[in-house]
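For reference, the structure is listed below as C-alpha coordinates.
The values are calculated or read from the model by the stated rules, or taken from the named source; none is laboratory data. Remember, it's a predicted structure, so these values are computed and weren't measured experimentally. Because the Cβ atoms are built from the backbone with ideal geometry, glycine has one as well, and the counts that use them run over all protein chains shown. Heads up: the accessible areas ignore ligands, DNA and RNA and are worked out on the full protein's heavy atoms, side chains in. Shrake-Rupley method; radii C 1.70, N 1.55, O 1.52, S 1.80 Å.
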Amino acid sequence: MDVDKLLESAREMLPFAYAPYSGYRVGAALLTTEGKIFKGVNVENASLGLTMCAERVALYAAIAAGYRSFSLLALVAEGESRPLPCGACRQVLGEFSRGLRVAVAGEKGESKIFTLKELLPHPFVLQGRK
Ligand code: THU
(Lines give C-alpha, C1' and ligand atoms only; values in the text may rest on other atoms or scores of the structure.)
Protein backbone atom coordinates (compact mmCIF):
# COMPACT_ATOMS: atom_id res chain seq x y z
CA MET A 1 0.00 0.00 0.00
CA ASP A 2 1.22 3.42 -1.02
CA VAL A 3 1.87 5.87 1.85
CA ASP A 4 0.05 8.69 0.06
CA LYS A 5 -3.03 6.52 -0.45
CA LEU A 6 -3.18 5.69 3.25
CA LEU A 7 -2.75 9.37 4.11
CA GLU A 8 -5.67 10.12 1.79
CA SER A 9 -7.80 7.59 3.69
CA ALA A 10 -6.89 9.35 6.95
CA ARG A 11 -7.64 12.77 5.43
CA GLU A 12 -11.09 11.59 4.32
CA MET A 13 -11.90 10.90 7.97
CA LEU A 14 -11.48 14.53 9.10
CA PRO A 15 -15.17 15.48 8.66
CA PHE A 16 -16.14 12.67 11.04
CA ALA A 17 -13.91 13.81 13.90
CA TYR A 18 -15.78 14.96 17.00
CA ALA A 19 -13.69 17.85 18.28
CA PRO A 20 -16.00 20.63 19.55
CA TYR A 21 -13.68 21.51 22.46
CA SER A 22 -10.26 21.74 20.84
CA GLY A 23 -11.47 22.45 17.30
CA TYR A 24 -8.61 20.21 16.18
CA ARG A 25 -9.76 17.36 13.96
CA VAL A 26 -7.57 14.31 13.50
CA GLY A 27 -8.03 11.35 11.14
CA ALA A 28 -6.15 8.05 11.24
CA ALA A 29 -5.82 5.06 8.93
CA LEU A 30 -4.03 1.95 10.12
CA LEU A 31 -2.80 -0.72 7.72
CA THR A 32 -2.58 -4.33 8.90
CA THR A 33 0.17 -6.60 7.61
CA GLU A 34 -2.64 -8.47 5.80
CA GLY A 35 -3.49 -5.29 3.86
CA LYS A 36 -6.69 -4.30 5.64
CA ILE A 37 -7.32 -0.68 6.65
CA PHE A 38 -8.92 0.48 9.88
CA LYS A 39 -9.86 4.12 10.33
CA GLY A 40 -10.42 6.42 13.26
CA VAL A 41 -11.05 9.98 14.34
CA ASN A 42 -10.56 11.80 17.61
CA VAL A 43 -13.61 11.70 19.85
CA GLU A 44 -13.73 14.42 22.49
CA ASN A 45 -15.91 14.67 25.57
CA ALA A 46 -17.20 17.43 27.88
CA SER A 47 -15.18 15.64 30.54
CA LEU A 48 -11.99 16.47 28.65
CA GLY A 49 -9.84 13.68 30.01
CA LEU A 50 -12.16 11.12 28.42
CA THR A 51 -11.15 12.26 24.94
CA MET A 52 -9.85 9.50 22.70
CA CYS A 53 -7.21 10.06 20.02
CA ALA A 54 -7.84 9.09 16.40
CA GLU A 55 -5.04 6.54 16.25
CA ARG A 56 -6.30 4.60 19.26
CA VAL A 57 -9.84 4.55 17.84
CA ALA A 58 -8.42 2.98 14.65
CA LEU A 59 -6.22 0.56 16.58
CA TYR A 60 -8.98 -0.61 18.90
CA ALA A 61 -11.33 -1.21 15.94
CA ALA A 62 -8.62 -3.35 14.34
CA ILE A 63 -7.99 -5.34 17.52
CA ALA A 64 -11.73 -5.90 17.97
CA ALA A 65 -11.88 -7.25 14.41
CA GLY A 66 -9.13 -9.75 15.13
CA TYR A 67 -6.06 -7.99 13.70
CA ARG A 68 -2.90 -7.54 15.75
CA SER A 69 -0.11 -6.82 13.35
CA PHE A 70 0.34 -3.47 11.64
CA SER A 71 2.79 -2.04 9.15
CA LEU A 72 1.80 1.59 8.65
CA LEU A 73 -0.22 4.28 10.41
CA ALA A 74 -1.30 7.43 8.57
CA LEU A 75 -2.26 10.42 10.67
CA VAL A 76 -3.69 13.66 9.32
CA ALA A 77 -4.78 16.78 11.21
CA GLU A 78 -6.63 19.82 10.01
CA GLY A 79 -4.52 22.88 9.41
CA GLU A 80 -1.02 23.22 8.08
CA SER A 81 1.08 21.51 10.69
CA ARG A 82 1.76 17.79 10.92
CA PRO A 83 0.41 15.97 13.98
CA LEU A 84 2.55 13.58 15.96
CA PRO A 85 1.05 10.75 18.03
CA CYS A 86 0.86 11.61 21.72
CA GLY A 87 2.90 9.60 24.20
CA ALA A 88 -0.06 7.46 25.26
CA CYS A 89 -0.76 6.45 21.64
CA ARG A 90 2.90 5.62 21.05
CA GLN A 91 2.87 3.26 24.00
CA VAL A 92 -0.42 1.64 22.96
CA LEU A 93 0.67 1.20 19.32
CA GLY A 94 3.96 -0.28 20.51
CA GLU A 95 2.09 -3.02 22.34
CA PHE A 96 1.27 -4.56 18.97
CA SER A 97 3.83 -3.54 16.35
CA ARG A 98 7.30 -2.37 17.26
CA GLY A 99 8.15 -2.23 13.54
CA LEU A 100 5.32 0.17 12.72
CA ARG A 101 5.96 3.18 10.47
CA VAL A 102 4.02 6.37 11.11
CA ALA A 103 3.23 8.82 8.29
CA VAL A 104 2.00 12.27 9.35
CA ALA A 105 0.62 15.17 7.35
CA GLY A 106 -1.37 18.36 7.64
CA GLU A 107 -4.29 19.02 5.34
CA LYS A 108 -1.85 20.25 2.73
CA GLY A 109 1.88 20.13 2.32
CA GLU A 110 4.52 17.46 2.66
CA SER A 111 4.19 14.38 4.78
CA LYS A 112 6.87 12.91 6.99
CA ILE A 113 7.52 9.30 7.98
CA PHE A 114 8.88 8.08 11.29
CA THR A 115 9.37 4.65 12.73
CA LEU A 116 7.62 3.94 16.01
CA LYS A 117 11.07 3.03 17.34
CA GLU A 118 12.18 6.61 16.68
CA LEU A 119 9.07 8.03 18.33
CA LEU A 120 9.23 5.74 21.35
CA PRO A 121 12.73 4.31 21.76
CA HIS A 122 12.16 3.05 25.31
CA PRO A 123 8.57 1.84 25.83
CA PHE A 124 7.29 0.55 29.11
CA VAL A 125 7.40 -3.26 29.07
CA LEU A 126 5.95 -5.34 31.87
CA GLN A 127 8.86 -7.28 33.30
CA GLY A 128 8.94 -10.93 32.41
CA ARG A 129 6.91 -10.41 29.24
CA LYS A 130 8.04 -9.93 25.63
N1 THU B 1 -5.25 14.01 19.22
C2 THU B 1 -5.30 12.88 18.46
O3 THU B 1 -6.37 12.47 17.98
N4 THU B 1 -4.14 12.20 18.26
C5 THU B 1 -2.95 12.57 18.79
O6 THU B 1 -1.99 11.82 18.69
C7 THU B 1 -2.80 13.86 19.45
C8 THU B 1 -4.06 14.51 19.84
C9 THU B 1 -6.50 14.75 19.45
C10 THU B 1 -7.03 14.62 20.85
C11 THU B 1 -7.84 15.89 20.99
O12 THU B 1 -9.15 15.63 20.51
C13 THU B 1 -7.18 16.88 20.05
O14 THU B 1 -6.29 16.13 19.24
C15 THU B 1 -6.41 17.96 20.77
O16 THU B 1 -5.54 17.44 21.70
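Quick notes on this one:
- Where a residue in the range 80-92 is touching a residue at least 60 places away in the same chain (Cβ under 8 Å) and its partner, wherever it lies, is assigned to a loop (DSSP other than H, G, I, E, B) and more than 11 Å from the ligand (Cβ to nearest atom), with Cβ under 7 Å and at least six apart: none
- Test: residue in the range 28-45 that is open to solvent by 40 Å² or more (accessible area, probe 1.4 Å), in a loop (DSSP other than H, G, I, E, B), among the hydrophobic types (A, V, I, L, M, F, W, C) and over 22 Å from Val125 (Cα atoms): no
- Sole exception among (1) closer than 20 Å to Met1 by Cβ; (2) of a type in the set (A, V, I, L, M, F, W, C); (3) open to solvent by less than 30 Å² (accessible area, probe 1.4 Å) for Phe96, by number: (3)
- Checked against (1) within 12 Å of the ligand (Cβ to nearest atom); (2) in contact with a strand residue (DSSP E or B) (Cβ under 7 Å, 6 or more places away or on another chain); (3) among the basic types (Lys, Arg), Lys39 passes all but condition (1).
- Checking Arg68, Arg90, Arg82, Arg56 one by one, the residue that is closer than 15 Å to Leu30 by Cα and open to solvent by 50 Å² or more (accessible area, probe 1.4 Å) is Arg68 and no other.
- Checking each residue in the range 62-87 for being modelled with pLDDT under 95 and acidic (Asp, Glu) picks out only Glu80.
- Boolean, Lys108 is surrounded by fewer than 16 Cβ atoms within 10 Å (Cβ to Cβ) and modelled with pLDDT of 95 or more: no
- Filter result for Val57 (among the β-branched types (Val, Ile, Thr), touching a helix residue (DSSP H, G or I) at 6+ places or on another chain (Cβ under 9 Å) and within 12 Å of the ligand (Cβ to nearest atom)): no
- Here Leu14 meets each of (1) closer than 30 Å to Leu126 by Cβ; (2) open to solvent by less than 80 Å² (accessible area, probe 1.4 Å) with one exception, condition (1).
- Cβ pairs under 8 Å, 6+ apart, first in the range 55-75 and without any contact (Cβ under 8 Å) to a residue 24 or more places away in the chain, second among the aromatic types (Phe, Trp, Tyr): Ala61/Phe38
- Selection count where residues are more than 14 Å from the ligand (Cβ to nearest atom), over 19 Å from Gly109 (Cα atoms) and of a type in the set (A, V, I, L, M), scope the range 2-36: 1
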